[in-house]
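Below: one structure, written as C-alpha cells.
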Amino acid sequence: MLDAHLKKLRARDDISAAEEQAIRAGVREVIKVPADGLVVRANQPLEVCTILLSGIAARQKDMPDGKRQITEIHVPGDFTDLHSFTLKRLDHDVVALSACSFAVLPHKYLEQITETQPHLTRVYWFGTNMDAAIHREWVVSLGTRSALARMAHLFCELHIRLGIVDLTRGDSFDLPITQQELAEMIGITPVHANRTLQELRKNGWLEFAGALATIKDLEALKRAAEFDPAYLYLERGRR
Amino acid sequence: MARYLLHLHNRTGHTRDDEGLDLPDVAAARDEAIRSIRSILSSEILEGQMDLDGRIDICGEDGETLAVVRFSEAVQLKAEA
C-alpha cells in the first residue's frame, strides 16, 4: 500500500525496517476520493495528514472569479499535506484530479515519530523542503518561461517523479488529468494548453492524449524547457 | 451546464478541441474564447509578434457551431498616428 511512498523516500536516503514499520503503523485508514473531490479545504482545522497511494492530486488556490491556480501536482507516494502537521490548516485546497486513494495519518502519531524517530523526522523535513523547491521551480516557470517551455518543463518533471515510483513505462506514463488542469498548472487557458500540446506534438517531442503521455524526444523536450533536475534532489544521502 | 468545444484556427494551424469545457451558456463560452485568444496573443507578443488573423469556433457537443469569436474582437489596438 505504501510501496510508492517508500520508493520515493528510498530514492533519496536509507529507510530502515524499523522506520518503515513506524510509517506503516501510523496509517489509520485509507480513503477513496473521486475525481474532482476535495481532500483538504483551505483554512479548515486539520488533525491528519494524507499520503497519496494512487491517482493524481494537486494543491490549488481558488480565485474569487472561479478560476484556480494549481500550485503543485502530486503523484503516488507523495506526502500530500505533511506541511499541515505544523501549519494545522492549509492556505490552499488539496484536490483529487483523478480518482485517488490516500493513507491517513493523524498529527498525534506524527508527533510521536518526531519524538522517537529523529532520522525519519529529518527525512520528512527534507520532503517538505523538496516540495518548496518544486514550488520555486514552478514560480520560475510562471515568471520566465514561455507557455511551450512551461508545458515541456512540467512533463519533464512528471517523467522523473513518476519514474522514481516506477509508474513510467520507458518514456510513457499515465496522466489521468485534463488539458484544463494542465492549463491551470502553467497559467494559460485550456484552448491555449491544447494549442501548446499540439505544438509539442508537431515538433515530435511529446504526445498527450487519452490520459497517456509519451515523450518522443526527451533531449529536445529538456532543451525546450531548459530543464535541470537539480531541484528534485535526486541524489541519495544521509539526511 | 453544457459542454462546449472551442476549436482554434489561426495561421499556425487548426487545433481541434476534443475535451471541451463545461460552461453555463454560450455567453460564458464566448468569454472563455476571448480569454483564450488574449492568452495566445500575449504569448505571441512576448515573442515580438501578434497575429490577429484567427478565430475560435464555439461548438456544441453535436458539432453545431454556436458562435465564432475572431481574434480581433478580443483586443483593442491603440496607437498614435
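Nothing in this text is a laboratory measurement; each read-out follows from the coordinates by a stated rule. For clarity, every value in this text was computed on a predicted model and none was experimentally measured. When we count neighbours, we look across all protein chains shown, and the Cβ atoms used for this are built from the backbone with ideal geometry, even at glycine.
Note that region A:84-99 has calculated 3J(HN,Hα) couplings of 5, 4, 9, 7, 6, 8, 10, 7, 8, 7, 10, 10, 7, 7, 10, 4 Hz, one per residue in order, obtained from phi through the Karplus relation 6.51 cos²θ - 1.76 cosθ + 1.60 (θ = phi - 60°); glycine and proline are x.
Please label the shape of region A:138-232 as rounded, prolate or oblate, based on the square roots a ≥ b ≥ c of the eigenvalues of the alpha-carbon gyration tensor (a/c under 1.5 means rounded; beyond that, a/b larger than b/c means prolate, else oblate). Here region A:138-232 falls in the rounded category. The dipole here belongs to chain B: it is taken about the Cα centre, uses +1 on the Cβ of Lys and Arg and -1 on the Cβ of Asp and Glu, and is about 280 debye.
Inter-label distance, A:GLU115 to B:HIS14: 6.8 nm, where each label sits 7 Å from its Cα along the C-beta direction.
Amide H contacts of A:ILE188 (H built 1.01 Å from N, in plane; Pro and chain starts excluded): no residue 5 or more places away or on another chain comes under 5 Å.
How large is the translational diffusion coefficient of the protein assembly as shown in µm² per second when you combine the Kirkwood radius over alpha carbon pairs with Stokes-Einstein at 4 °C and 1.567 mPa s? Provide the component values of the computation, followed by the final result.
Working: Rh = 21.1 Å.
Rounded, D is 61 µm²/s.
Between helix B:26-46 and chain B there is an angle of about 30 degrees, using the helix long axis and the longest principal axis of the Cα atoms. By the count of other C-beta atoms within 10 Å, a proxy for reagent exposure, B:ARG11, A:ARG150 are ordered fewest to most as B:ARG11, A:ARG150. The Cβ shell under 9 Å around A:VAL104 holds other residues with a net charge of 0, Lys and Arg each +1, Asp and Glu each -1.
Once you charge only the Cβ atoms, +1 for Lys and Arg and -1 for Asp and Glu, what is the size of the charge dipole of the protein assembly as shown about its Cα centre, to the nearest 20 debye? Mind showing how you got there, number by number?
Details: 39 positive and 49 negative charges, 151 e Å.
With Lys and Arg at +1 and Asp and Glu at -1, about 720 debye.
Relative contact order (percent) for region A:1-135, with alpha-carbon contacts under 8 angstrom and 6 or more residues of separation? Mind showing how you got there, number by number?
Details: 256 pairs, mean separation 45.3, N = 135.
Averaging sequence separation for qualifying contacts and normalising by length gives 34 percent for region A:1-135.
Label-to-label distance, A:ARG201 versus A:ARG238, with points set 7 angstrom from Cα along the beta-carbon direction: 5.1 nm. Dipole magnitude for region A:1-154: computed about the Cα centre from +1 point charges on Lys and Arg Cβ and -1 point charges on Asp and Glu Cβ, it is near 300 debye. By the helix-only formula, in which each DSSP H run with n ≥ 4 contributes -39500 (n - 2.57) and the sum is divided by residues, the protein assembly as shown has a 222 nm mean residue ellipticity of -12500 deg cm²/dmol. The Cα center of region A:72-132 and the Cα center of region B:1-53 differ in position by 37 Å.
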